[in-house]
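Input: a single structure, listed below in structure tokens.
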Amino acid sequence: MIFLRVAIPSPLRRYFDYLPPDHAEIGTYQPGTRVKVPFGRRELVGLLLEVVTETDVPLNKLKPVIEILDSSPLQPQYIRDLALWAADYYQHPIGDALLQSLPVFLRKGGEGVASHTYLWKVMPDTSAANLSDKAHQQQALYQLIAEHPQGISKEAIRAEGGQAYLLTTLENKNLIIKFKQTHSLPEAEHLIKEAPLPLHPEQQSALQQITQQQGFNTFLLDGITGSGKTEVYLQAIHEVLKKGLQALILVPEIGLTPQTLQRFKSRFRVPVVALHSSLTDKQRFDAWMQAAQGEAPIVIGTRSAIFTPLKSPGIIIIDEEHDSSFKQQEGFRYSARDLAVVRAHAEQVPIVLGSATPSLESLHNCAQQRYQHLTIRSRAGNASAPEFQLMDIKRLPLNNGLSSELITQIQQHLQQGTQVLVFINRRGFAPSLICHDCGALAECKRCDARMTLHQQPAHLHCHHCDSQRPIPVRCDQCGSHALKPVGAGTERTEQTLNKLFPDTPILRVDRDSTARKGSMAKIMDQVHNGSPCILVGTQMLAKGHHFPKVTLVAILDADSGLFSTDFRGMERTAQMIIQVAGRAGRADHPGKVILQTHHAEHPLLNLLATKGYEVFAQEELKLRQQYQLPPYQHIAIIRAEAPHSGRAEGFLHSIKEQQSAFFSQIHWSGPFPSPMEKRAGVFRSQLILSSQSRPLLQHSLSHLCLGIEDHPLASRIRWSIDVDPYDM
Ligand code: ADP
Ligand code: ZN
Ligand code: ZN
């Protein structure tokens, strides 16, 4: 007797056994195919993992599989192995991890067949003369098709004014033939559309190291912004394409970086498949299939694209490897960057992690000789690196956050005909609304947080739970009308700059101003036309853009992350400052970066401003070692949340009491309330586990998970484990 062992998207950390479908023959079951199974009262799509001859489930409890959905597995074994590895490492339920490695379309049970584009071409030895003189439209259509010996699609026929409805008529007359489009790659010498740039020596050396060795190798391409990392990627990819292999590139956010995508498209004469969020499930699946079948030589995507199979993998590139978006923050909490290294190892291909501000983990991995450190310290072309100024604003009068010296400098840059970027990482008008009579702040009712005041349109908005309400006329506490905005967000800064520089366009870039489709592109067009303007925006401006005419970058508040409770606060602040700064001084304009701060004497901030990121990072690493924090220590967080205060914490206490004696070699700390204890109406608490030994922590966690699952409260409290957490 045989049983089918199936992975199911369920929170349970186990597999489920089923009987073969009724009336099915033996020997037709292939691991990796999708199956439809009964599960409770529902029907779910699962993945067949194994055919086994024994099961722990009593026979009368077993149900048959309803249907086998695929005739052969759609996903190669190594992607399933990657998902299994991730489930184990990140302590995520196995079935859910496996199913998440498939495109949504397949998870929902969609048919595993890619749609094809059909093309038409004329039959050999025919001509328009085969048609009657009177059939003008048929003749015109025939001529149009004849002009495309490689074939032409229906869409293209319509676009060229052809009468596509006559296709069947011509087909029936055997004058044209319909066929499926296949993407055969151009010959090696025709891969390039646009000539590569001659590399400068540091780029050349990086490229050589990446391309000269065979097999797996992890490279950290550590190059300042504008140093030509993307050019190195492009040329490394070219080498890969010449061998008939494929490249997988992960980027933080495709929507924000259309320029990067465009550079790939204009360099190569091969299809570049972008897996972005505006695709439908079906379109994403089609793109996934093109990658899996080797028809897409270049695949670019965000975090989840790490599970996209490639038929002939040649290289993996992670651009902006320090970016937090590579770590999924809920559900299946994997790091796509770290998985990419595991994947590259399994595929025996090189992997390049690129950044101007590498994560401390990656720098540490270089120091440990696990990664090869490739550095580019000079800017490409004749661009020079920007000059930093720490502007001490202690006791200075500020005009809505702008010091008068800063205003003067902005003026000077505009007068010399260049552009200015003002960075403030808070959207909205003001971060809080205060009662001038009693001091009460407008707070979110569902979070331990203040509501942000927005003016466009006017409302109060909680940026943590998304609650919104009208701006109150009177104070909740004392009834006073004296409600005043405190502090500045992007809207207020925009307004202030508008008053100060009435003749200069002020372009605001934040989540609100770019919510409408195409609005970002419009703003970018205006910036790229080159005339003086002031860009005001959040970290959306810090990602991937090139603003060649920006010569001054002003960071209004460099202090917000300096004293964070999160050990990564300083690293993140430094990365953000350097990334924003990197937008200035490209092309031939030397750039200047002004950091307004109340802590001009802060040692690490000074180090960053005077010596740069690399020196800063070494210093910060020393502190991490001194305090035994990652990367010198491995961390996992057990988080719990409940709608009543104290309940989540009580649950974690009880877990600790029950379990810590069994796992005494790892370090337990907490439970503590999470940094924002109440959020979106629930109270959150966390327990931190750490160890210098990764295997020990791993091993403990997998046992601990089972212990927690058995806890009587586990099914009533939302809890999760986050391994290598990004946010504390
Ligand atoms: P990064 O990815 O490190 O920010 P890019 O590859 O985008 O840098 O390069 C920044 C600018 O310099 C781009 O406009 C690019 O075309 C140009 N550039 C890159 N490499 C060279 C080179 N070797 N010679 C001249 N210009 C270059
Ligand atoms: Zn009041
Ligand atoms: Zn809230």
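Among 288-301, 670-683, what's the highest-first ranking by average C-beta atoms within 10 angstrom per residue? It would help to have the intermediate numbers written out before the result.
Working: 288-301: 22.2, 670-683: 17.3.
Top to bottom by mean Cβ count within 10 Å: 288-301, 670-683.
By per-residue mean of other Cβ atoms within 10 Å, what is the highest-first order of 630-643, 49-62, 159-172? Each step should come with its number before you reach the end.
Numbers: 630-643: 19.5, 49-62: 11.1, 159-172: 14.6.
In decreasing order of mean packing, 630-643, 49-62, 159-172 become 630-643, 159-172, 49-62.
So, in Å, what gap is there between the alpha-carbon centers of segment 100-160 and segment 49-90?
40
Is there a quick way to get the dipole size of the chain? I mean about its Cα centre, with the Cβ of Lys and Arg at +1 and of Asp and Glu at -1; what is the value in debye to the nearest 20?
Working: 74 positive and 70 negative charges, 221 e Å.
In total the dipole reaches around 1060 debye.
Alpha carbons only, please: Rg and Dmax for segment 553-640, in angstrom.
14.9, 53
At 7 Å along Cα-to-Cβ for each site, give me the label-to-label distance between Glu111 and Glu443 in nm.
Modelled inter-label distance: 5.8 nm.
Mind pulling up the Rg/Rh value for segment 291-389? Radius of gyration and Kirkwood radius, both on Cα. Intermediate values should be presented prior to the final figure.
Details: Rg = 15.7 Å, Rh = 15.3 Å.
Reported Rg/Rh (Cα atoms, Kirkwood Rh): 1.02.
Quick check on segment 201-376: what are the equivalent-ellipsoid semi-axes from the Cα gyration tensor, as sqrt(5λ), descending, whole Å?
Ellipsoid semi-axes (Å, largest first): 23, 19, 16.
For the chain, just give the cysteines left without a disulfide-compatible partner, judged by no other Cys Cβ under 4.7 Å.
Within the chain, the cysteines lacking a partner Cβ under 4.7 Å are Cys366, Cys465, Cys533, Cys705.
P(r) of segment 3-108 in 10 Å steps, Cα pairs, percent per bin?
15, 51, 31, 3
Using the Cα centre as the reference, give the magnitude of the dipole from point charges on the C-beta atoms of segment 118-180 (Lys, Arg: +1; Asp, Glu: -1; all else neutral), rounded to the nearest 20 debye. Working shown, then result.
Numbers: 7 positive and 6 negative charges, 41 e Å.
Charge dipole, segment 118-180, about its Cα centre: 200 debye, nearest 20.
What ranking, highest mean first, results for peptides 421-430, 135-144, 533-542 when packing means the other Cβ atoms within 10 Å averaged over each residue? Mind dumping the intermediate values first?
Details: 421-430: 24.5, 135-144: 17.8, 533-542: 23.0.
Going by the mean number of other Cβ atoms within 10 Å, highest first, we get 421-430, 533-542, 135-144.
Given the rule -39500 (n - 2.57) for each run of at least 4 DSSP H residues, summed and divided by the residues of the chain, what is its mean residue ellipticity at 222 nm, to the nearest 500 deg cm²/dmol?
Working: 20 runs with 213 residues, N = 728.
Here the helix-only value at 222 nm equals -9000 deg cm²/dmol.
Could you pull out every one of the lysines with an alpha carbon less than 17 Å from that of Lys134, ignoring same-chain neighbours closer than 8 positions?
Filter leaves Lys173.
Just for the Cα atoms in segment 591-661, what are the lengths along the principal axes, largest first, rounded to whole Å?
Its Cα atoms span 55, 28, 21 Å along the three principal axes.
How much length would be gained if the chain were fully extended between Ala128 and Ser266, taking 0.36 nm per residue of separation minus their Cα-Cα distance, in nm to one decimal?
Working: separation 138, 0.36 × 138 = 49.68 nm, distance 3.68 nm.
Stretched fully, the Ala128-Ser266 segment lengthens by 46.0 nm.
Express in whole angstrom the spacing between the alpha-carbon centres of segment 198-277 and segment 674-719.
Centre-to-centre (Cα) distance: 39 Å.
Below 11 angstrom from the Cβ of His373, what's the summed charge of the other residues (Lys, Arg +1; Asp, Glu -1)?
Numbers: positive: Arg370; negative: Asp222, Glu614.
Overall, the nearby charge balance is -1.
Find the centroid of the Cα atoms in segment 297-348 and in segment 599-646, then give the distance between the two in whole Å.
The distance from the Cα centre of segment 297-348 to that of segment 599-646 comes to 25 Å.
Suppose the chain between Glu155 and Gln665 were pulled fully straight at 0.36 nm per residue; how much longer would it get relative to their current alpha carbon spacing?
Stretched fully, the Glu155-Gln665 segment lengthens by 177.1 nm.
Computed FRET efficiency, Cβ-Cβ of Ala164 and Ser720, R0 41 Å: what is it to the nearest 0.05? Intermediate results must be reported in sequence, preceding the final value.
Details: r = 53 Å, r/R0 = 1.29.
Plugging the Cβ-Cβ distance into 1/(1 + (r/R0)^6) gives 0.20.
Picking from Ala159, Ala146, Tyr118, whose Cα lies most toward the positive end of the charge dipole for segment 118-180 (charges on Cβ: Lys, Arg +1; Asp, Glu -1)?
Tyr118
What's the extension gain from Met676 to Gln208 if we count 0.36 nm per residue and subtract their Cα-Cα distance? Don't skip to the end; give the middle numbers.
Numbers: separation 468, 0.36 × 468 = 168.48 nm, distance 4.78 nm.
Length difference between fully extended and current span is 163.7 nm.
Take the Cα coordinates of segment 118-180, assign each an equal point scatterer, and use the Debye formula without solvent to give log10 I(q)/I(0) at q = 0.15, 0.21, 0.23, 0.28 Å⁻¹.
Normalising to I(0) and taking log10 leaves -0.36, -0.73, -0.89, -1.37.
One-quarter of the Cα convex hull surface for segment 446-493, in nm²? Intermediate results must be reported in sequence, preceding the final value.
Numbers: hull surface 15.3 nm².
Computing the convex hull of the Cα atoms and averaging its projections yields 3.8 nm².
Considering all alpha-carbon pairs of segment 178-297, what whole percent are spaced by more than 16 angstrom? The partial results should precede the final answer.
Numbers: 4747 of 7140 pairs.
Summing the P(r) tail past 16 Å for segment 178-297 gives 66 percent.
Taking neighbour counts of Cβ atoms within 10 Å as a proxy for exposure, in what order, fewest first, do Glu619, Glu361 appear?
Working: Glu619 15, Glu361 19.
Ascending number of Cβ neighbours within 10 Å: Glu619, Glu361.
Per residue of segment 649-658, what does 6.51 cos²θ - 1.76 cosθ + 1.60 with θ = phi - 60° give for ³J(HN,Hα)? Whole Hz please, x for Gly and Pro, Karplus curve as stated.
With the stated coefficients, segment 649-658 comes to 5, x, 4, 5, 4, 5, 4, 4, 4, 5 Hz.
Can you tell me the dipole magnitude for segment 1-143 around its Cα centre, using point charges on the Cβ only (Lys, Arg +1; Asp, Glu -1), in Debye to the nearest 20? Don't skip to the end; give the middle numbers.
Details: 14 positive and 15 negative charges, 96 e Å.
I would put it at about 460 debye.
How big is the Kirkwood radius of segment 523-565, worked out from every pair of different alpha carbons and given in Å to one decimal? Can you show the working numbers first?
Values: mean 1/r = 0.0813 Å⁻¹.
Computed over Cα pairs of segment 523-565, the Kirkwood hydrodynamic radius comes out at 12.3 Å.
When N is the residue count of the chain, what does its C-alpha Rg come to as a fraction of 2.2 N^0.38 Å? Let's see the in-between values first.
Values: Rg = 29.2 Å, N = 728, 2.2 N^0.38 = 26.9 Å.
Rg over 2.2 N^0.38 Å, computed on Cα atoms: 1.09.
Could you name the lysines in cross-link range of Lys622, using Cα to Cα under 19 Å and dropping any fewer than eight places away on the same chain?
Output for Lys622: Lys611.
Please enumerate, by chain and number, the lysines with C-alpha under 21 Å from the C-alpha of Lys499, excluding those fewer than 8 residues away in the same chain.
Lys484
Would you mind computing Rg(Cα) / (2.2 N^0.38 Å) for segment 484-601, counting N as its residues?
Details: Rg = 14.9 Å, N = 118, 2.2 N^0.38 = 13.5 Å.
It is 1.11.
Just going by the charge dipole of segment 236-366, with Lys and Arg at +1 and Asp and Glu at -1 on Cβ, which of Pro309, Pro358, Gly294 is farthest out on the positive end?
Toward the positive end, the furthest listed residue is Gly294.
Coordinate-derived values only; no laboratory data. Model, not experiment: these values are computed from the prediction. As a convention, Cβ positions derive from the backbone with ideal geometry for all residues, glycine included, and neighbour counts pool all protein chains shown.
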